[in-house]
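Q: Would you mind keeping the following structure in view while I ask a few things?
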Amino acid sequence: MKIALSEIALTLPGGHRALERVSLAVDAGERLAIIGPSGAGKTSLLRVSGTAVRPTSGVLTISERDPWELSRGSLKSLRARIGTIHQAPPLPPRQRVVTAVLAGRLGAWPLWKSLASLAYPLDIAGARAALARLDLGERLFDRCDRLSGGQLQRVGVARVLYQRPDLILADEPVSSLDPQLSDYVVGELNRDALSRNVTMIVSLHAVDLALRWFPRVVGLRNGAVMFDLPPARISDAMLSELYASELPVPPTQDNRLLERDAPGPRDLRARQPRCR
């Protein structure tokens with residue numbers, strides 16, 4: 001799924017200018033990380049890209065079509081092909097984990113199947129497989145209010161893995177996870193996108209994850225793009241300027257290789273992933 005943003009601006013209620021004439025083109029199958037200080041506009045950019053909010057000005061096209069010119073039914077079908085991972089997943093506390101994961105396909109299922117799955121999960125094996133990729137297979141029938149914040153984030157990731165969308169948009173998907181688990185989850189998202197050749201845009205506060213896992217990194221500050229480069233061309237001086245108002249600057253690592261072999265989730269605490 002190809003995305004193009006041309007001169008996109010977004011003014012939020014109250015007058016705050018969240019985006020300032022942002023122009024980006026993301027090809028089908030491309031993986032892009034967005035970094036920047038808090039309040040830079042990362043979430044706003046993802047919401048515009050996923051048609052959750054209409055820009056104040058500028059043009060957004062998805063697969064070379066303006067989503068705001070589509071019929072209601074066509075827009076709904078488009079949104080069903082977009083998987084969004086929220087920093088705080090909107091999961092009802094009393095909902096079972098299996099139901100939360102299966103909700104990833106509700107937009108693609110007919111109404112009867114969606115209603116039936118709410119009454120009794122119709123694809124328990126599929127939900128378990130998605131959760132197992134994130135070391136949560138045994139929490140399948142737990143209620144969401146029995147999970148920690150980090151586990152809830154992984155349920156949100158599992159829901160999108162189960163959905164198998166054409167476009168993945170992830171907003172700080174590992175903010176509640178420890179560094180080693182964060183690395184594995186970001187890697188799992190990349191492996192999924194690569195294996196299915198789908199487009200993925202991820203906002204990250206952890207600069208080291210962006211530099212290690214993504215072939216293209218966009219620096220956003222005050223709603224404007226400061227750089228759009230491969231990791232090898234991003235200097236420490238550029239990062240210091242990007243995060244000038246946020247001290248300390250989020251850490252980076254010397255190793256900036258993008259392709260990695262990573263352990264399975266049950267091996268995470270035993271050893272570090274290997275670079276190649």
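Q: With modelled with pLDDT of 95 or more, within 30 Å of residue 139 (Cβ to Cβ) and of a type outside the set (S, T, N, Q) as the only criterion, which of 96, 47, 54, 79 stands out?
A: Just one listed residue meets the conditions, 47.
Q: How do the pairs read when you match residues in segment 137-161 that are within 21 Å of residue 106 (Cα to Cα) with residues anywhere that are in a helix (DSSP H, G or I) and among the acidic types (Asp, Glu), using Cβ under 9 Å and keeping only pairs 6 or more apart or on different chains?
A: Listed by first residue and then by second, the contacts come to 157/188; 160/192; 161/188; 161/192.
Q: Continuing with the same structure: Looking at 105, 72, 79, which is the one that is farther than 29 Å from residue 220 by Cα and surrounded by 13 or more Cβ atoms within 10 Å (Cβ to Cβ)?
A: 105
Q: Inside segment 37-49, can you point out the residues that are outside any helix (DSSP H, G or I) and either in contact with a Gly (Cβ under 6 Å, 6 or more places away or on another chain) or under 13 Å from residue 167 (Cβ atoms) (or both)?
A: Of everything in segment 37-49, just one residue is outside any helix (DSSP H, G or I) and either in contact with a Gly (Cβ under 6 Å, 6 or more places away or on another chain) or under 13 Å from residue 167 (Cβ atoms) (or both), namely 41.
Q: Just for segment 1-29: of the residues that are hydrophobic (A, V, I, L, M, F, W, C) and not in a strand (DSSP E or B), which one is farthest from residue 78 (Cα to Cα)?
A: 12
Q: With the structure loaded, tell me whether residue 153 is crowded, with 19+ Cβ neighbours inside 10 Å and within 12 Å of the chain's Cα centre (by Cα) or whether it fails that test.
A: Yes, satisfied.
Q: Looking at segment 220-239, can you tell me whether even one residue there is of a type in the set (D, E, K, R), assigned to a strand (DSSP E or B) and in contact (Cβ under 8 Å) with a residue 12 or more places away in the chain?
A: Within segment 220-239 (the criterion being of a type in the set (D, E, K, R), assigned to a strand (DSSP E or B) and in contact (Cβ under 8 Å) with a residue 12 or more places away in the chain), the answer is yes, since at least one residue qualifies.
Q: Every residue in segment 50-82 that is closer than 16 Å to residue 166 by Cβ and among the basic types (Lys, Arg), please.
A: 65, 76, 79, 81
Q: Follow-up question, since we're still on this one. Can you report the number of residues in segment 74-101 which are in a loop (DSSP other than H, G, I, E, B) and within 14 Å of residue 62 (Cα to Cα)?
A: Matching residues across segment 74-101 total 1.
Q: Further, regarding this structure: Give the residues of segment 175-191 that are surrounded by fewer than 18 Cβ atoms within 10 Å (Cβ to Cβ) and either hydrophobic (A, V, I, L, M, F, W, C) or part of a helix (DSSP H, G or I) (or both), sorted by residue number.
A: 179, 180, 191
Q: Being modelled with pLDDT of 65 or more, surrounded by fewer than 18 Cβ atoms within 10 Å (Cβ to Cβ) and among the charged types (D, E, K, R) narrows it down to one residue among 172, 241; which is it?
A: Selected residue: 241, the only one of 172, 241 that is modelled with pLDDT of 65 or more, surrounded by fewer than 18 Cβ atoms within 10 Å (Cβ to Cβ) and among the charged types (D, E, K, R).
Q: Please list, ordered by first then second residue, the pairs with beta carbon atoms under 9 Å, 6 or more apart or interchain, first in segment 180-196 and not assigned by TED's automatic domain parsing to the domain that holds residue 154, second assigned to a helix (DSSP H, G or I) and small (Gly, Ala, Ser).
A: The qualifying pairs are 181/150; 186/210.
Q: Turning to a different aspect of this structure: So is residue 208 under 23 Å from residue 28 (Cβ atoms), free of Cβ contacts under 8 Å to residues at least 60 places away in the same chain and part of a helix (DSSP H, G or I) or not?
A: When the stated conditions are applied, residue 208 does not pass them.
Q: If you go through segment 1-60, how many residues are surrounded by 22 or more Cβ atoms within 10 Å (Cβ to Cβ) and on the phi > 0 side of the Ramachandran plot?
A: Within segment 1-60, residues that are surrounded by 22 or more Cβ atoms within 10 Å (Cβ to Cβ) and on the phi > 0 side of the Ramachandran plot number 2.
The values are calculated or read from the model by the stated rules, or taken from the named source; none is laboratory data. These numbers come from a predicted model, not from an experiment. Every residue, glycine as well, gets a Cβ built from its backbone with ideal geometry; the counts of neighbours run over all protein chains shown.
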